[in-house]
Each structure stands twice: as C-alpha cells, then as structure tokens.
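S.K.: Would you mind keeping the following structure in view while I ask a few things?
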Amino acid sequence: MAEPLLRVENLVKHFPVKGGFFSREVDHVRAVDGVSLHIDAGETLGLVGESGCGKSTSGRCILRLIEPTSGEVWFEGKNVTAMQADALRLVRRDMQIIFQDPYASLNPRMTVGAIVGEALTIHALADTAKAYDDRVVDLLETVGLHADHRLRYPHEFSGGQRQRIGIARALAVSPKLIICDEPVSALDVSVQAQVINLLEDLQQKFNLTYLFVAHDLSVVEHISTRVAVMYLGRIVEIASARDLYTAPKHPYTEALLSAVPIPDPKVKRKRIVLEGDVPNPIKPPAGCHFHPRCPRAEERCKSEAPLLREIAPGRVSACHFSA
C-alpha cells in the first residue's frame, strides 16, 4: 500500500501542573495520551469527541505549534518531530491550519490583504508587488469574497466572512494538508453549511487533505471519508464514515451518535445517557478510561487498558468486547 500523507505514532502531550509555594511541577494534565492515526492523500479524517478530550491539542502538536511530549509525526515520509527550525519552515508550506475562532485568529490591526498575503512574504512566493496583489485577489475570490475586501479590516466582516479569510490565508502557500480546528463551531447553522460546502469544493479543486476536528458528529458525517473518535486523550475507534454512523462498535461512539438529532420524526433512536462527568485528565481512571461511564464495563475494564486493535479491514476499536 502507498505511504500515507500523514502518519502519527503514539503522540503524547502532557501539560505541567504547578503548585506549592515555589510553583513546582506537582502533576501533569494528560491532554493527549498516545494517539496514533494516519491520513491518506486526498481524504478527510474527522476527529470527534467531547470538549477537552484533546482533539485541538492533537492537531496543534502535529503542526508543532505545540511541542509534543513524545511520539512521532511523519509527513510525506519525513519525521516532523525531529526537524530543526529551517527544515520545519519548509514543511509548514505544505501543512496549514484553519483556527476555530474567526474573531480571535485575525489580527485587527492588519488589513485583510495583509493577513492573507503575509505567508507570501514569509515564504517569498511573490516576486513583485503586482504578483503579490494578484495572488491575494485570486485567493479572496476563490473563497467567495471580493477583490476590494483586501483593503478592509477584520471588524468589518461577519463571522462567516472572517472564516473565509482564514481559509484564504491557509490556501496562500498551496498546502497539501490543512488541519481544520473546529472551523464552523462558532458560526450559525446556515453559515456552517456554506463553509462546509466551500471546504469540499476546495478539496476537489486543489486535491487537499483535511484533518477535520469537531465535536458535532452531524457536521463531520458529511465531510469525512473516515472518522476517529477520541475520549480523554485517546483514540477509541476509527472507521469509515458510513460504517461508524451505521454500526458503531465502541460504547462511547454509540452514546455520541445517540445524541445526534434525526430530522425524520418517524425514525426513533434509543438515547444513551452516560452517567457522571468526564474524568479528570490529571488523574485518569486506571484500565479503560471510559469504564466509569460505560454501560458495558466489567471488572476487567477497571485494570486492563484495551489496545486499539483491528476488528475488521480498515476498522479499529479500543474496547475489550468490540467484534
């Protein structure tokens, strides 16, 4: 089989917890606790889970916007986690990110043209002022904005328009992989659909690969080729979007899907209500992290952590009882 575009192996990110009179490290928040996944060129991998499970941290560690504690990230056969600054800058041209908050991710003191064109200057992709201006105009029109918008400032735009500016900025360096960090969660539902359709059109036009981070499973279903489900810093299930939504294998995935509303009033779905709250990531439960809330949990789950194993071709699950 061909080498995947992106391969993540046992990625770990622990944030220190400081306390006491001298603010010493007393513990760690286990935000990402051994994540392994791969993404093939041209596909979209959805990464879903509850807030605080480590989805966004995983995406930022892949780009090394946050330095991982351990693990490896391989992009086009190159070990990104071992790269020095100069080599990493070259790889950054092929790996970009769209941030969650369209209001906080744009510099209010820069014009839209300067925001979108900043990467062109950093990577020396425009030889002349005309080439720079033409490229900025082309990027804005590609995402559905007008040429004269480059002269305005971010506060003059709506949330959906700001997110389009963020998408144009990510496209400026012609990347191969874009990490979409909950790009529609701050937008109205009608605007969400427009942005999702735009991302799908851009993927076909430029042969892009997406890691699409979200907590809304109904959004992920429409854009994803495969879906990875994350719980308390760990991947618990990966499957094709069709298989995962029609026949989930992990009990946590089943609970998440049971909460997704179905527009057809004739179709009834049994609601699975999980007891308790998400455990503290500073001191996660022993064994399977999900066992305190799992309706299927047995004694074995309290002491033995399930491995993420293949239960069918192209499908993996971290549950002792998945088959």
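S.K.: So which residues in segment 145-156 are over 22 Å from A104 (Cβ atoms) and not in a helix (DSSP H, G or I), if there are any at all?
M.R.: Selection gives H146 alone.
S.K.: Regarding segment 63-76, can at least one residue be identified that is under 13 Å from the mean Cα position of the chain (by Cα) and touching a residue at least 40 places away in the same chain (Cβ under 8 Å)?
M.R.: There is at least one residue in segment 63-76 that is under 13 Å from the mean Cα position of the chain (by Cα) and touching a residue at least 40 places away in the same chain (Cβ under 8 Å).
S.K.: Restricting to segment 211-270, name every residue that is at positive phi and not aliphatic (A, V, I, L, M).
M.R.: If the condition is that a residue be at positive phi and not aliphatic (A, V, I, L, M), then G233 is the only one that fits.
S.K.: Could you tell me whether any residue of segment 78-87 is in contact (Cβ under 8 Å) with a residue 40 or more places away in the chain, within 17 Å of L211 (Cα to Cα) and either crowded, with 18+ Cβ neighbours inside 10 Å or assigned by TED's automatic domain parsing to the domain that holds T121 (or both)?
M.R.: There is no residue in segment 78-87 that is in contact (Cβ under 8 Å) with a residue 40 or more places away in the chain, within 17 Å of L211 (Cα to Cα) and either crowded, with 18+ Cβ neighbours inside 10 Å or assigned by TED's automatic domain parsing to the domain that holds T121 (or both).
S.K.: Scan (1) crowded, with 18+ Cβ neighbours inside 10 Å; (2) free of Cβ contacts under 8 Å to residues at least 24 places away in the same chain; (3) under 21 Å from the mean Cα position of the chain (by Cα) for the single condition N197 breaks and write down its number.
M.R.: Exception for N197: condition (1).
S.K.: Mind checking which residues of segment 1-29 are assigned to a strand (DSSP E or B) and either of a type in the set (V, I, T) or under 30 Å from G314 (Cα atoms) (or both)?
M.R.: L6, R7, V8, E9, N10, L11, V12, K13, H14, V17, V26, V29
So that you can scan it fast, the table gives a plain yes or no per residue for (1) at pLDDT below 90; (2) within 16 Å of G54 (Cβ to Cβ); (3) assigned by TED's automatic domain parsing to the domain that holds H28:
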residue: Y231; (1), (2), (3): no, yes, yes
residue: I238; (1), (2), (3): no, yes, yes
residue: K268; (1), (2), (3): yes, no, yes
residue: E275; (1), (2), (3): yes, no, yes
residue: N280; (1), (2), (3): yes, yes, yes
residue: H291; (1), (2), (3): no, no, yes
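S.K.: Now for a separate question. What residue, of H291, H320, is closer than 17 Å to H250 by Cβ, in contact (Cβ under 8 Å) with a residue 24 or more places away in the chain, crowded, with 18+ Cβ neighbours inside 10 Å and not hydroxyl-bearing (S, T, Y)?
M.R.: Just a single option satisfies the conditions, and that option is H320.
S.K.: Kindly evaluate Y252 against the criterion of being touching a residue at least 12 places away in the same chain (Cβ under 8 Å), over 27 Å from V17 (Cβ atoms), aromatic (F, W, Y) and crowded, with 18+ Cβ neighbours inside 10 Å.
M.R.: no
S.K.: I've got another one for you. Looking at this structure, is V29 in contact with a strand residue (DSSP E or B) (Cβ under 6 Å, 6 or more places away or on another chain), closer than 27 Å to T209 by Cα and in the same structural domain as C53 (by TED's automatic domain parsing)?
M.R.: No: the conditions fail for V29.
S.K.: Is there a residue being crowded, with 24+ Cβ neighbours inside 10 Å, outside any strand (DSSP E or B) and of a type outside the set (S, T, Y) anywhere in segment 207-221?
M.R.: yes
S.K.: Could I ask something else about it? Give the residues of segment 106-135 that are in a helix (DSSP H, G or I), under 11 Å from V173 (Cα atoms) and not polar (S, T, N, Q), sorted by residue number.
M.R.: Listed by number, the residues that qualify are V116, G117, E118, A119, L120, I122, R135.
S.K.: Looking at (1) outside any helix (DSSP H, G or I); (2) under 21 Å from the mean Cα position of the chain (by Cα), find the lone condition where R271 falls short.
M.R.: Condition not satisfied by R271: (2).
S.K.: Let me ask something else about it. Is it the case that some residue within segment 30-45 is without any contact (Cβ under 8 Å) to a residue 12 or more places away in the chain and small (G, A, S)?
M.R.: No, there is no match, as no residue in segment 30-45 is without any contact (Cβ under 8 Å) to a residue 12 or more places away in the chain and small (G, A, S).
S.K.: Now for a different question. May I ask you to say which residue of L140, L151, L47, L125 is in contact with a helix residue (DSSP H, G or I) (Cβ under 6 Å, 6 or more places away or on another chain), outside the structural domain of L211 (by TED's automatic domain parsing) and among the hydrophobic types (A, V, I, L, M, F, W, C)?
M.R.: L140
S.K.: If you don't mind, another one. Take the residues in segment 8-44 that are touching a Gly at 6+ places or on another chain (Cβ under 7 Å) and within 16 Å of P281 (Cβ to Cβ); name whichever of them is surrounded by the most Cβ atoms within 10 Å (Cβ to Cβ).
M.R.: Among those residues, the one meeting the criterion is V32.
The values are calculated or read from the model by the stated rules, or taken from the named source; none is laboratory data. Treat the numbers as computed from the prediction; the structure is a model and nothing was measured. Every residue, glycine among them, receives a Cβ derived from its backbone with ideal geometry; neighbour counts consider all protein chains shown.
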